[in-house]
1. Give the residue that is farthest from ligand 3 (Cβ to nearest atom), with candidates limited to residues of segment 113-160 that are exposed (fewer than 14 other Cβ atoms within 10 Å of the Cβ) and closer than 24 Å to Ile9 by Cα.
2. May I ask you to verify whether Asp246 is closer than 23 Å to Pro57 by Cβ and in contact with a strand residue (DSSP E or B) (Cβ under 6 Å, 6 or more places away or on another chain)?
3. Under the condition of being more than 15 Å from ligand 1 (Cβ to nearest atom) and under 18 Å from Pro123 (Cβ atoms), which residue from segment 41-68 is surrounded by the most Cβ atoms within 10 Å (Cβ to Cβ)?
4. Check Cys12, Cys22 and return the single one that is in contact (Cβ under 8 Å) with a residue 40 or more places away in the chain and within 16 Å of ligand 1 (Cβ to nearest atom).
5. Just need a number here: residues in segment 203-216 that are surrounded by 14 or more Cβ atoms within 10 Å (Cβ to Cβ) and touching an Asp or Glu at 6+ places or on another chain (Cβ under 8 Å).
6. Mind checking which residues of segment 89-133 are out of contact with any Gly (no Cβ under 9 Å at 6 or more places or on another chain) and β-branched (Val, Ile, Thr)?
7. Please determine whether any residue of segment 235-250 is among the polar types (S, T, N, Q) and surrounded by 17 or more Cβ atoms within 10 Å (Cβ to Cβ).
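Every read-out reported here was derived from the displayed coordinates using simple, explicitly stated rules and does not represent laboratory data. All values reported here derive from a predicted model rather than from experimental measurement. Virtual Cβ from ideal backbone geometry, glycine too; neighbours counted across all protein chains shown.
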Amino acid sequence: MSKVFVVDIDKCNGCHNCQVACKDEHCNQAWPPYAEAQPLTGQFWMKVKEKERGQVPVVRLSYIPWMCNHCEDAACMKAAPDAVHRREDGLVIIDPEKAKGKREIADACPVGAVYYNEELYLPQKCTGCAHLLDNGWDVPRCVDACPTEALRYVEESEVDLNEATTLSELDGAGPRVYYLNYPKRFVAGLVFDPEVEEVVVGAEVKLTGSDGKTLETTTDDFGDFKFDQVEADVYRIDLSADGYADKTVQTDVREIDRFVGDIELEFSGDRSAYPSAAETARAQRAAAELKWTEMRASMKTVAPATANFAVVCPSCGKKVNTNAEAGSIRCQFCKADLTELVKEKAAELAAKKAAAQA
Ligand code: SF4
Ligand code: SF4
Ligand code: SF4
């Protein structure tokens, strides 16, 4: 039984707590025999990377917590077997004594997780907080600091990793940091009727990949469509909508996510038989207004409260907040005596209330 790190990208909000916690645990603080202190600058044993995808107006930002993957067949260990070892719990540790001067350890890591400390002549990286785990902690500092449980340290046998992915640079090395919901590609677009300059709502959109598999969706109230978490591939997009000629476009998302832009559909039917998006929106607004009017008409009239109200000062014309029980009262602004006015207004409101309750 050994534990693995599991990172759920969908739960990571980019707060950087994990990164800060790692610094707090290791900067200016050596934990012999596990590690020398991490320098304040230049090293990130835990780093929250930002991955920006798409093009304006459809842009998505994902946060990718990134660290040493404690590989089963670690390249850093092969570079200096006498100085790097793998513990029984799976953590890969660089011995701070034996690794002195061995820059090759830093050079060997395919994902650059090892930093070379020029002052100490020492390669350094995440220790998995082995010093804490050996002293009763269940999880490392970074995991403990994560508020959303995006970052977990769990028994491998107790977590479903079928949908998980690992860093491709470490293929074959047995990395032990697993990512859930790692960003794939998206294809987005907008469907547009250039003749009436309106978006096409409810158009059917089919996305077909090179393997022939098809995904389907429809455009929303803004004419937009989006296919998320699709594989890097070249896709065919087939569009159809009532009254419009079918259209097909191609898009290549092998390297980047795509907003394919405004796709124009040519109207080929009888316009009067197909209400435009604006007409549909107008009809929806009218129906909502009618419903609201009916609701208001059916609501019981509620008498105004008499305890607190406002009067307009006859001397300065300003609005003065008051209440019926206040007794004698003066304007807050010009100090005019408003006692009689307040009494009259209170009597008037009381009469209204009585009438409403009758
Ligand atoms: S990620 Fe790099 S430093 Fe970490 S164990 Fe694998 S090869 Fe070594
Ligand atoms: S396990 Fe410890 S050393 Fe590794 S990234 Fe997390 S806090 Fe830093
Ligand atoms: S602490 Fe958790 S939520 Fe915050 S950046 Fe790190 S992994 Fe993401």
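1. Ser157
2. no
3. In this case the residue turns out to be Gly42.
4. Cys22
5. Here the count works out to 6.
6. Listed by number, the residues that qualify are Ile94, Ile105, Val111, Val114, Thr127.
7. no
A quick yes/no check of all residues on (1) assigned to a strand (DSSP E or B); (2) more than 17 Å from Lys47 (Cβ to Cβ); (3) of a type outside the set (Gly, Ala, Ser); (4) within 15 Å of ligand 2 (Cβ to nearest atom):
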site: Asp89; (1), (2), (3), (4): no, yes, yes, yes
site: Ala99; (1), (2), (3), (4): no, yes, no, no
site: Glu104; (1), (2), (3), (4): no, yes, yes, no
site: Asp107; (1), (2), (3), (4): no, yes, yes, no
site: Gly112; (1), (2), (3), (4): no, no, no, yes
site: Pro123; (1), (2), (3), (4): yes, no, yes, yes
site: Leu132; (1), (2), (3), (4): no, yes, yes, yes
site: Val139; (1), (2), (3), (4): no, yes, yes, yes
site: Val143; (1), (2), (3), (4): no, no, yes, yes
